[in-house]
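As C-alpha cells, the structure follows; a few thoughts come after it.
Values quoted throughout were computed directly from the atomic coordinates according to the rules given, and no laboratory measurement underlies them. Being a predicted model, the structure only gives us computed values, none of them experimental. Here the Cβ is made from the backbone with ideal geometry for all residues, glycine too, and neighbour counts use every protein chain on show.
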Amino acid sequence: MPKLGNAIHVSLGTRMIAFLWDYVIITGYIILLVGLSFLIRPWLTPLFSTDPLLAELMGFLFITLPVYLYFAICEGSEAHATWGKRKMGIVVTRKDGQPIRLGASMIRSALKFIPWELAHFTIWHMVIPTDYPDVLLNSLLAAVYGLALIYLISALFSRNKQTVYDLMAGTVVRHKE
C-alpha cells in the first residue's frame, strides 16, 4: 500500500484551522437542528428538561454522535480526511504512513471527543437538578479542561506532533503528498 503523506508532521495551528473549517459544517448542522426543534418543541421539551441523564443521552444522539460519525467516517474513508483537513491538505494515517481503516478512525474519534461529551454530561447535571454533589460536577469540569489542555500540549511536544488520542490510536496527521 502506498504511503498517504510525507513525514513532515502537521503543526497544531494547521490542525486547529482544519478543525475550524470542520466547525463550519458542524455549525450548519446545529442551525438545522435548531430550526427543526422549533417545529417539534412540544415533544423535545420533556426530553431536555426532566432528567439530566435523558437530556445528556438526547444531546449525544442529536449532536455528539453525528459529529463523531462525521470525523470517524471521513478520516476512515479513502480520503482519510474531513472537509477541513482536505482544505488544509492534511490526512490522518498510521504512524508508518499507511492508511488507517474505519476501526482505527472510530477509536481515534471516540478518544478525541471524550472531553466534549464529558462536558455535556457535566453541564446537563448542572442545569437540571441532580443528586450529584457540586464537588463532583466541578471536578468533572476540571477534568474536561485538563484533558483538553493535555490534548493540546501533547500535540506541541510529542516527537511526531501527535495528540494523546493519536498516540493511543496509533495515528498521525501528515501533509498529503
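Observations, loosely collected:
- From the options LEU65, LEU36, LEU32, LEU57, residue that is under 21 Å from TYR165 (Cβ atoms) and aliphatic (A, V, I, L, M): LEU65
- Candidate set: segment 63-118, residues that are hydroxyl-bearing (Ser, Thr, Tyr) and under 14 Å from ILE25 (Cβ atoms); chosen: the one farthest from the chain's Cα centre (by Cα): THR82
- The helices (runs of 4 or more DSSP H) falling completely within segment 43-128 that include 2 or more residues that are of a type in the set (Gly, Ala, Ser) and crowded, with 16+ Cβ neighbours inside 10 Å map to 52-59, 65-76, 102-112.
- Scanning segment 45-57 for residues that are in contact (Cβ under 8 Å) with a residue 12 or more places away in the chain and either within 17 Å of the chain's Cα centre (by Cα) or closer than 18 Å to GLU177 by Cα (or both) yields a single hit, GLU56.
- ILE153 satisfies every condition listed in (1) part of a helix (DSSP H, G or I); (2) within 16 Å of the chain's Cα centre (by Cα); (3) more than 15 Å from PHE19 (Cβ to Cβ) except (2).
- Hits in segment 88-135 (condition: without any contact (Cβ under 8 Å) to a residue 60 or more places away in the chain and among the aliphatic types (A, V, I, L, M)): LEU102, MET106, ALA110, LEU111, ILE114, LEU118, ALA119, ILE123, MET126, VAL135
- Consider segment 136-177 and keep the residues that are touching a residue at least 40 places away in the same chain (Cβ under 8 Å) and of a type in the set (A, V, I, L, M). The one that is surrounded by the most Cβ atoms within 10 Å (Cβ to Cβ) is VAL173.
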